[in-house]
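First up is the structure itself, then whatever we jot down about it.
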Amino acid sequence: MAPLSTYVSKLSKGRMLLLLLLASCVFWYMTLPRVAVNYSKDGKEEFRYIWNTQHRIDKGSILPGQATADIGHIFPNKDFFMMFDWWSAKDLRRCISITPKWGRTTDIYLDEKGRIDIAKTGPDVISRLKQCEGEPDPFRS
């Protein structure tokens with residue numbers, strides 16, 4: 001009887017370890033702060049963008065009705081920063097500095113002209129956005 005009991009005990013420990021590992025991964029994934037930028041489907045032009053999350057650079061383009069997203073750090077230090085630059089072929093250029101919220105997705109909405117849509121973007125999100133130094137106001141044309 002003892003060998004069967006030992007086998008079940010080892011199997012249970014293995015399952016518990018696997019469950020703990022899986023739970024840790026899910027916790028890590030769910031608590032990462034995310035930022036999503038959603039471009040209005042009424043927009044007329046393509047925007048190019050650069051995400052700069054503490055010197056981790058991601059470049060791409062976004063068409064009307066599309067969105068782009070990036071993740072922050074789960075344990076940001078005092079020097080952490082997250083910036084989103086976007087521009088069009090017609091010289092529109094904007095930049096925002098973002099303070100993402102831990103464990104949440106921060107949704108930012110751009111209107112058809114590429115400005116931050118303050119009607120759709122929540123006030124708690126707007127309070128986490130700052131105009132980049134020396135750049136045009138991202139809330140106005």
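The values are calculated or read from the model by the stated rules, or taken from the named source; none is laboratory data. Just so it is clear, the structure is predicted and the values come from calculations on it, not from any experiment. Cβ coordinates were reconstructed from backbone atoms using ideal geometry, including for glycine residues, and neighbour counts include every protein chain displayed.
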Only unsatisfied item for residue 95, checking (1) of a type outside the set (A, V, I, L, M); (2) on the phi > 0 side of the Ramachandran plot; (3) surrounded by 13 or more Cβ atoms within 10 Å (Cβ to Cβ), is (2)
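Quick grid of which residues meet (1) under 16 Å from residue 42 (Cα atoms); (2) in contact with an Asp or Glu (Cβ under 8 Å, 6 or more places away or on another chain); (3) assigned by TED's automatic domain parsing to the domain that holds residue 70:
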position: 88; (1), (2), (3): yes, yes, yes
position: 98; (1), (2), (3): no, no, yes
position: 102; (1), (2), (3): no, no, yes
position: 105; (1), (2), (3): no, no, yes
position: 111; (1), (2), (3): yes, yes, yes
position: 117; (1), (2), (3): yes, yes, yes
position: 124; (1), (2), (3): no, no, yes
position: 127; (1), (2), (3): no, no, yes
position: 138; (1), (2), (3): no, no, no
Out of (1) in contact with a strand residue (DSSP E or B) (Cβ under 7 Å, 6 or more places away or on another chain); (2) surrounded by 15 or more Cβ atoms within 10 Å (Cβ to Cβ); (3) closer than 17 Å to residue 131 by Cβ; (4) at pLDDT below 95, the one residue 115 does not meet is (1)
Could you list all residues from segment 61-92 that are exposed (fewer than 15 other Cβ atoms within 10 Å of the Cβ) and not aliphatic (A, V, I, L, M)? 61, 65, 75, 77, 78, 79, 80, 81, 90, 91
